[in-house]
Every structure is written in structure tokens, then in C-alpha cells.
1. Give me the accessible area per residue for the stretch 116-198, probe 1.4 Å, as a whole number in Å².
2. May I ask you to give the solvent-accessible area per residue for the stretch 342-436, in square angstrom, as obtained with a 1.4 angstrom probe?
3. Semi-axes of the chain's equivalent ellipsoid from the Cα gyration tensor, sqrt of 5 times each eigenvalue, largest first, rounded to whole Å?
4. Give me the percent relative contact order of the stretch 144-300, please, defined on Cα pairs under 8 angstrom at least 6 residues apart.
5. Give me the percent relative contact order of the stretch 9-95, please, defined on Cα pairs under 8 angstrom at least 6 residues apart.
6. Rounded to the nearest 0.05, what FRET efficiency do Glu405 and Ala240 give with R0 = 45 Å and r taken as the Cβ-Cβ distance? Could you check?
7. Counting only protein heavy atoms and a 1.4 Å probe, tell me what percentage of the chain's accessible area is made up of carbon and sulfur.
8. Give me the distance between the Cα centres of the stretch 28-49 and the stretch 427-459, rounded to whole Å.
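The values are calculated or read from the model by the stated rules, or taken from the named source; none is laboratory data. Please read all numbers here as calculations on a predicted model, not as lab measurements. Here the Cβ positions follow ideal geometry from the backbone for every residue, glycine too, while neighbour counts run over all protein chains shown. For accessibility, only protein heavy atoms count, side chains too; no ligands or nucleic acids. Shrake-Rupley method; radii C 1.70, N 1.55, O 1.52, S 1.80 Å.
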Amino acid sequence: MATLIHTLADHSDDVNYCAFSSSCLATCSLDKTVRVYSLKNFAELPYSPLKGHTYAVHCCCFSPSGHALASCSTDGTTVVWDTRDGRMLAALEQPSGSPVRVCRFSPESTYLVSGAADGSVVLWNMQSLKLYRSGNVEDGSLVACAFSPNGNFFVTGSSCGDLTIWDDKMRCLYNEKAHDLGVTCCDISSQSVSDGEHGFRYFQLASCGQDNQIKLWLILCADFLGVELKYKCTLNGHSAPVLACAFSYDGQMLVSGSVDKCVIIYETSTGNTLHTLSQHTRYVTTCAFAPCSPLLATGSMDKTVNIWQFDCKQPCAGNIVENESKVAVEDWSEDDVSAWLCAQDLTDFVGLFKTNNIDGKELLNLTKESLTNELKIESLGLRSKILQKIEELRMKMTRVTVPDEFLCPITRELMKDPVIAADGYSYEKEAMENWISNKRRSSPMTNLPLHSLLLTPNRTLKMAISRWLETQQK
């Protein structure tokens, strides 16, 4: 079930794009601004809106760390912002001066791609903030882009209907006519899949277009085979051009938004429709799943962004604390490791770890050498961050585990002032008050409506926590 939990209505014109980091949501609009919100309470950050573009902003995206945000515009620039204070770090001018329609960071933040209306595509070096390589699609405007999880290639989509695969040296590896009336969006799942026939691992690609269709593809990149793009299936359901599509981080769901004003969520393994959402009053232009929580954002020409919460199978940042307390790290599954990566703000490595079948035992055995030579993580800073987080995990394994019933279900921290809500569950008083003050009238645990907002002190639980703390100090 998908539930509408919040609507953002701060833009004064069409919403063109929205993007999540692990802690924030960014939106951009024809009104020339980019707005940034906290996922804790959907409050706009103090430095928002970001004003630097002189014309409509078409796309925005976070760097893998979440510390940088890129936005691109009709003014021919791609601007890089510091998400910590809203400072403009650079304004990268498309060499042709053509309106820039799409921008994307590579998984390791080494590069930033910008694609323009004249078909030009530029690969920017993010360390120097200088142009690295550039190229052109054969025909049409460049309107869509997605990187592979390992960063070895990226795919662009054009208004003439082509999907083009490029390597990180800007060499064209493959071209396919995908949508007769033009591509509008594309996305690559962070999870690889097996073809079941030859044992190859493929990347899943989704594309959508003006032909009302969403198509799923499989991309194989192998040294001895080159690059192969295989059509998998078409997902139906929309009655008008499809303007946006995006995978959930685990690859199990795909969301799409359309001129028919509907949002459809599909199960990718079967192609079945899980949800159809129809609250927007004009074209749905953008949709995105949050990487570490069961949230979905959809934006529209009706000037609003809707935030949805849904039941899903994917692990999220909140679940990993529970996993740590109940399952030994060496017994973690690949999904547990994926959830841990999200919780450590390392979401963009989920696909790489999944591809290499990294479970709990493998995670604890990772070294600087294996990260460099086997997982091919070139960035020294990212390798160091991963190793530091693994070391923290090893240290946690030696600590005493807090009983799960002493942890607040919202904050996953030891409760100091527990209260009982109408759903029968106990929460930290301040956390539950904040939950209610943000106009949430549903249970954090069951998502069902709360028949009362009364919070009753749980003195028995508070005494039990106090006695437990005393035993830990002896």
C-alpha cells in the first residue's frame, strides 16, 4: 500500500525533477530555482531555495556522498552546489551554450555528465571542475542519462528515440533505436541480474518515451563480448507519453510518471502493476525512490511534489540497527549488507557489492587491496571511508547489545522518556511528539490511523531501562 504523507507546494511553476540523497530531497522547476528539503520532517533547509540559474532548471542530482548537488538549465550551465551550506561551487558552461537537459554524477563522483538540447554530451572532471571529454549523439536532443553501478559506462537517451552506451572515455559502444517517438527518461538498476541461460550477470535498464511505453533492457559488458543490449519486455499501463521512470534501489520495483497524470509502480520481475497513484492534477514529470527509506517522490506540472510512503521488501537504514542487534554480522545476507551500506551513506556501492556477492563474512574480510584490485574502487577517499565504517562495525561486534524493546522504533536509540501511543507501541516522547507535530496521524509501526494522539508515560519500561543501565555500569 502506498500512502500520501506530505505535499510540497513551494515552487511557483512546473516541477521538472526531483532527486534523493540519504538525508535530503531536491526539487527543481521552471521557476529557475532548486529547493532542498530534509527527510526528517520535509522542512526546507535554511539555504534553500538555491538561486543561480537565469532560466528554467530541468534536472538535479546528488553526488554519491550527498555533499554536492548538480542542477542544469536552459541557460546552458550545469551548476554544482555544496549541500552543507548552499554555496555555488562551480557553474560549468556547456561548450555549445545549448540548453542543458540532464545531468548525472558517476558512482564514485569522479565525473559529472551534462547533456544538452543540441545533442552534445560533456564529461566533467569533478576534482578539477574542468571539461574532461565531450561528444555528440547523431540526432536529436539529449534528454536522459544513467550511469552503470560500477561506473564503467553510462547510457544516454535522445529525443529521436536512440539509447546510446558510452564508456568513461566518451567512446560510443552501442546504439539502439528504442522508442519511435523519442526517449524521455532512462534509469539503470543498482542490482545486476542473471540471464539464467549462460550465467552472465546483466545490468537492468529501463527507458520510457513519447510512445506511451516503458521498456526493460539487459546490458552485458564483457571484455570478450563487448557491449550487448538485449530487449527484455514492455510494461504497459499508461495511456499517454511516459515522462519519467526510476528503479527502487534493490531493483525490485520500477516507478513511472506520465502525461496521463498517473504514477504507476511495477514489480520488475513479473511486470505486474503494484500501485497506481492518481493524485496529481497535471502531467507527472518526475519520480524517484529514496535510497534508504520506503519513500517515493513524484513531481508534476501542477507545481507540487508528493511524498509517498509504501510497504516494500527493500531493507532501509532503520532496519539495519535491528539486524545488528539480532543477527551476527558474519551471518548477514547480501541484503543486510546493502541495508548497512545505505545506513552509512554508501548507497551507490550497493550494486557493486551485490554484483560481487558480498555478504557479512565477505564484508568483514574486505581490505584496502581487495577494494582496489577486486572491487575496482579507485577513489582513495571512498576506500578509506568504507574501511573506516567496517572497522566501526567490528568494534560494535564486541559491545553489549541494547535490548531491542529499549530502543525507540522511530530513532532506534535507547529511550530516556518512553511513552505509549494509541497503537500500543512505546516511543521516545520527543520523537513521537515530533512525528505528530509534522501532521502525521498514522502509527510509525503499522502505518494505520491513530484513533487518539494521547501519549501515556510508560513508567514500567523507564524503570526497566534504568535497571539495565545500572547493570552495564558495574
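1. On the way: 3410 Å² over 83 residues.
Here the per-residue accessible area is 41 Å².
2. Details: 4990 Å² over 95 residues.
Per residue, the stretch 342-436 has an accessible area of 52 Å².
3. Numbers: eigenvalues 279, 142, 93 Å².
Sorted largest first and rounded, they come to 37, 27, 22 Å.
4. Working: 436 pairs, mean separation 22.2, N = 157.
It comes to 14 percent, rounded to a whole number.
5. Values: 204 pairs, mean separation 17.9, N = 87.
Value for the stretch 9-95: 21 percent.
6. Details: r = 50 Å, r/R0 = 1.12.
According to the calculation, E is roughly 0.35.
7. On the way: 9940 of 20690 Å².
Of all accessible area on the chain, carbon and sulfur atoms account for 48 percent.
8. Cα centres, the stretch 28-49 to the stretch 427-459: 26 Å.
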